[in-house]
1. Which of the residues spanning region 150-168 are over 19 Å from PHE423 (Cβ atoms) and not aliphatic (A, V, I, L, M)?
2. When region 282-313 is examined, which residues are found to be among the acidic types (Asp, Glu), surrounded by 12 or more Cβ atoms within 10 Å (Cβ to Cβ) and at pLDDT 85 or above?
3. Go over the candidates ALA489, ALA469 one by one and state the one that is more than 30 Å from the chain's Cα centre (by Cα), over 30 Å from GLU142 (Cβ atoms) and either of a type in the set (A, V, I, L, M) or modelled with pLDDT of 95 or more (or both).
4. Can you pull out every residue in region 582-619 that is under 22 Å from GLN366 (Cα atoms), in contact (Cβ under 8 Å) with a residue 40 or more places away in the chain, assigned to a helix (DSSP H, G or I) and touching a strand residue (DSSP E or B) at 6+ places or on another chain (Cβ under 9 Å)?
5. What is the residue count in region 185-199 for residues that are farther than 19 Å from ILE155 by Cα and of a type in the set (A, V, I, L, M)?
6. For GLU479, only one of the following conditions fails: (1) modelled with pLDDT under 95; (2) within 21 Å of HIS575 (Cβ to Cβ); (3) not aromatic (Phe, Trp, Tyr). What is its number?
7. What are the pairs, 6+ residues apart or on separate chains, where a residue within region 71-96 that is under 17 Å from VAL188 (Cα atoms) has its Cβ under 7 Å from a residue that is among the basic types (Lys, Arg)?
8. Could you run through region 381-421 and say how many residues are within 28 Å of MET443 (Cβ to Cβ), at pLDDT 80 or above and polar (S, T, N, Q)?
Amino acid sequence: MSGAEVASGAQSVTRYQALWESVRSRRSRPEVAKGLDKLSTRLSARLKNRRTSLGFLLSEAARVDGISPEIRNHSEAALDESVREVREAVVRGAHDDATLRRAMALIREIARRETGEEAFIVQIAGALGLVHGRIVEMKTGEGKTLTGSVAAPIIAWQRRRLHVFTVNDYLAKRDAHSREGIYTRCGVSVGSIVQEMAPAERAEVYARGIVYGTPKQITADWLRDQIRMGPVTSAWEGRLVTGLGSGGGGGGGGLLIPGLRAALVDEADAVLIDEGVVPLIIARSRHEDEMAPIYKQGDALASKLDEGPDYKIDYLRRRAELRRRGEHRLEEMFKQLDEPIWRATRRGKELVRNALVARHCYLPGQQYQIVDGRVVIVDEFTGRFLADRSWEHGLHQAVEAKEGVEVTADRETLARMSFQRFFRSFPFLAGMTGTAADATAEMEQVYARPVTIVPTNKPVIREQWPLRAFRTAEQKWTEIARAIEQVHAQGRPVLVGTRSIAASEHISKRLEARGLEHRVLNANFDKEEATLIADAGRAGAITVATNMAGRGTDILLDDRAREAGGLHVILTEVHGARRVDLQFIGRAGRQGDPGSAQVFASLEDELIVQHVPKLARALRAAGSGDEIPDGPIVRRLVRLAQGRARISRAGVLRQDDWVDKNLPGM
């Protein structure tokens, strides 16, 4: 097979090859380092990658820029021939600096001709960082899409196949289509995986050299392959299990994904860290709903208990602990019920604890929303609906019982895998994000990936206005509405960031009361996401959005907005992961544009109440007036809460690793 055929990764992936690759990939069971091994892992990652420092990447990028004028003079035919030569060299294993520089310069020129976008030196440095397997931080608006599309063909040449992970189906389809001209001229086929695709169509796309898709879509397809393969340990053993000899495509008896070779993750901090510990579960309904009355009775019993004397709620870990009085009261109530399950008091108390957690820790507009009479989970990091997911161990049914909607049948788990485990199964991993610096330690410990912060192409002139903190949430929301009105009166666009659907709708009602025209972007309006966020740069526009909605779409200022002072970002509440706040703030002042940002907080905000409740109560009782004048005290409070949130995340990582090791999901 020629180098060009190997490079495309799509011409001839046989079903047996796909099976062999899948068996090879499933053998990878990496573990998160513990104790002193954490330090060893970080040091090892740094030593291994010390050569590809920022200085080296910028120096190499400048050398790429130096040979670009020569390549710009190539005719179309000469350019294609040069690409063919360097592609075959890379496929054969030529990974030296000179070959990579020439490859980068050629792809940069192809991108310029195909899209009209010419990569800046800092974007070339970022692309080189990706090729060397780094997590690259580039500020919002610095052109990560172009950076990734310059690096992707080289990674695909080196690794035969590349999965590019985006935050939603829209971006996967958009980027695969907009970059297709670049990849085709580089001899690499491309496609995207989206929700509505049939299995046969998915198998055809997965056979291509570069595949765009969301972590949810691709991980789910990988898990379905593992279910189909069962316990096989070799490709030969799996031939009969997967129906290899029966004919047909991957959507029939064969597998969908021909192994895991290389991953390029957009918004890497969100996917690898924030969402990394979330398990993706493939389940099937047992087609039974006889437990529905039991869940409803459990909710009714929970409603009769008193918080404090009968039970205690751990809001941080989302747990309920029954006190002695509560246990005694429940035992007496169980005696009055006819169903046998309540006579097994341990199981009965577990059902009531679930109901208590559902009542106190899972709230509409925050963790879920009622859509068409059913409970739909809301992703707490992105604010998007997760329509095909449900909580485990009866929690979902407890929430349904609380809301009085139809209690769906519990489902049988067929396979589970955390995104963290999935991404650590790739032999090659790289990523891009606007805010990775705060996650450097976690990236190095969990994924052994170094983080490189690439400087901006133009200086950031965004103004950071002082944090404003208030004793109560009511006072905070009143001042936020007033601040929006004041900035809007100047003709500037305003982007308002909230942590939940409920908060976005709350501020929307306050803006309506003031007669301020605005648009809301949350999970209820996710189909209009790209259009809404793109229009947020118009002069006088007011856009309210959940914290990470619209990521991947630039906010471009019109001339009037730029003259008025640019985009003003208001963050209505701090997040447990500081980089989420920085990502939202970074939407103002992109590419040297004017702009400003301000953070509002209250002592009743969820982060502070969950993590530092005693300090918050003491501070709320001290002094007088609505606004807290001593900003540094509140900032220290926020930093303390964020630190405890990191510790909590680390605990979940350890638990996830234990589950993967002791309760394998496939």
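1. Answer for region 150-168, where residues must be over 19 Å from PHE423 (Cβ atoms) and not aliphatic (A, V, I, L, M): PRO153, TRP157.
2. Selection gives ASP299, GLU307, ASP310.
3. Every option except ALA489 fails the conditions.
4. Listed by number, the residues that qualify are GLN583, PHE584, ILE585.
5. Number satisfying all stated conditions: 4.
6. (1)
7. ASP80/ARG185; VAL83/ARG185; VAL86/ARG102
8. 1
The values are calculated or read from the model by the stated rules, or taken from the named source; none is laboratory data. Please read these numbers as outputs of a predicted model, since none were measured by experiment. Note that each Cβ is placed from the backbone with ideal geometry, even for glycine, and that neighbours are counted across all protein chains shown.
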